[in-house]
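Below: one structure, written as structure tokens.
The values are calculated or read from the model by the stated rules, or taken from the named source; none is laboratory data. Source: prediction; values computed, not measured. So basically every Cβ, Gly included, is an ideal-geometry build from the backbone, and we count neighbours across all protein chains shown.
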Amino acid sequence: MQQNRNALKLAVTAVLTAVVVVFTMIIRIPTAKGYLNLCDVAICFIAFTFGPASSFIAAALGTALADLISGYAQWAPISFAVHGLEGLLIALIVRSKGDHEASFLRKIIAGIVCMATVSLGYFALSALFISTAAVAAAEIPGNLVQSAVGFILGLAVSSAVKRAYPPVSALSW
């Protein structure tokens with residue numbers, strides 16, 4: 001029975017990874033060095049709905065694969081690290097205890113951590129490996145907006161899905 005459960009979790013995580021790829025690629029707003037996208041909507045939805053393991057794997061692999069497919073291969077390792085950490089941290093912060101939903105305060109903290117992880121992570125890693133600190137700093141406002149919008153929409157979608165289909169919480173890990 002446990003083997004079937006593990007297979008289901010693996011399959012769900014694979015589908016969620018594909019969802020992150022689609023959300024990353026479907027709308028791309030070009031910036032000086034890359035592009036803004038909707039990946040954070042999917043990542044936050046996954047973090048709120050499916051838990052730390054699924055959100056780390058789907059966020060890290062999904063954004064890295066999207067970068068590779070889109071011709072932004074230099075960003076793939078950075079996206080892997082930043083978005084994987086983003087998904088993991090959000091999910092750990094809002095992880096529910098039993099049947100209880102995360103408190104409003106924990107959700108706000110998760111939103112702040114989401115925005116800080118994305119904007120500071122891309123700033124630091126971009127300044128180290130891709131460009132200068134001044135060029136990397138120019139991307140901070142766009143990353144803040146992308147992650148804030150993604151967090152709000154991801155939270156809304158997660159709440160709607162959990163209300164419409166409560167058994168989805170059993171797939172969290």
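Numbers for the structure displayed
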quantity: Pick from region 76-87, criterion more than 8 Å from the chain's Cα centre (by Cα) and crowded, with 22+ Cβ neighbours inside 10 Å, ranking: nearest to Ser126 (Cα to Cα); calculated: Ile78
quantity: Check on Phe123, outside any loop (DSSP other than H, G, I, E, B) and within 18 Å of Leu144 (Cβ to Cβ); calculated: yes
quantity: Residue under evaluation Val21, criteria (1) in contact with a strand residue (DSSP E or B) (Cβ under 6 Å, 6 or more places away or on another chain); (2) modelled with pLDDT of 95 or more; (3) not hydroxyl-bearing (Ser, Thr, Tyr), criterion not met; calculated: (1)
quantity: Yes/no for Val113 being in a helix (DSSP H, G or I) and surrounded by 17 or more Cβ atoms within 10 Å (Cβ to Cβ); calculated: yes
quantity: Scope region 4-48; condition surrounded by 12 or more Cβ atoms within 10 Å (Cβ to Cβ) and among the polar types (S, T, N, Q); matching residues; calculated: Thr13, Thr17, Thr24, Thr31, Asn37
quantity: Positions within region 117-150 being among the small types (Gly, Ala, Ser), farther than 18 Å from Phe80 by Cβ and surrounded by fewer than 17 Cβ atoms within 10 Å (Cβ to Cβ), in sequence order; calculated: Ser131, Ala133, Ala134, Ala137, Ala138
quantity: Test for Ala73: is it out of contact with any Phe, Trp or Tyr (no Cβ under 6 Å at 6 or more places or on another chain), at negative phi and buried (at least 22 other Cβ atoms within 10 Å of the Cβ); calculated: no
quantity: Those residues of region 70-92 which are in contact with a helix residue (DSSP H, G or I) (Cβ under 7 Å, 6 or more places away or on another chain) and either among the charged types (D, E, K, R) or more than 19 Å from Asn143 (Cβ to Cβ) (or both), in sequence order; calculated: Ala73, Glu86, Ala91, Leu92
quantity: Scan of region 88-110 for residues that are surrounded by 22 or more Cβ atoms within 10 Å (Cβ to Cβ) and of a type in the set (S, T, N, Q), ordered by number; calculated: none
quantity: Region 155-173, subset under 18 Å from the mean Cα position of the chain (by Cα) and part of a loop (DSSP other than H, G, I, E, B), residue surrounded by the fewest Cβ atoms within 10 Å (Cβ to Cβ); calculated: Trp173
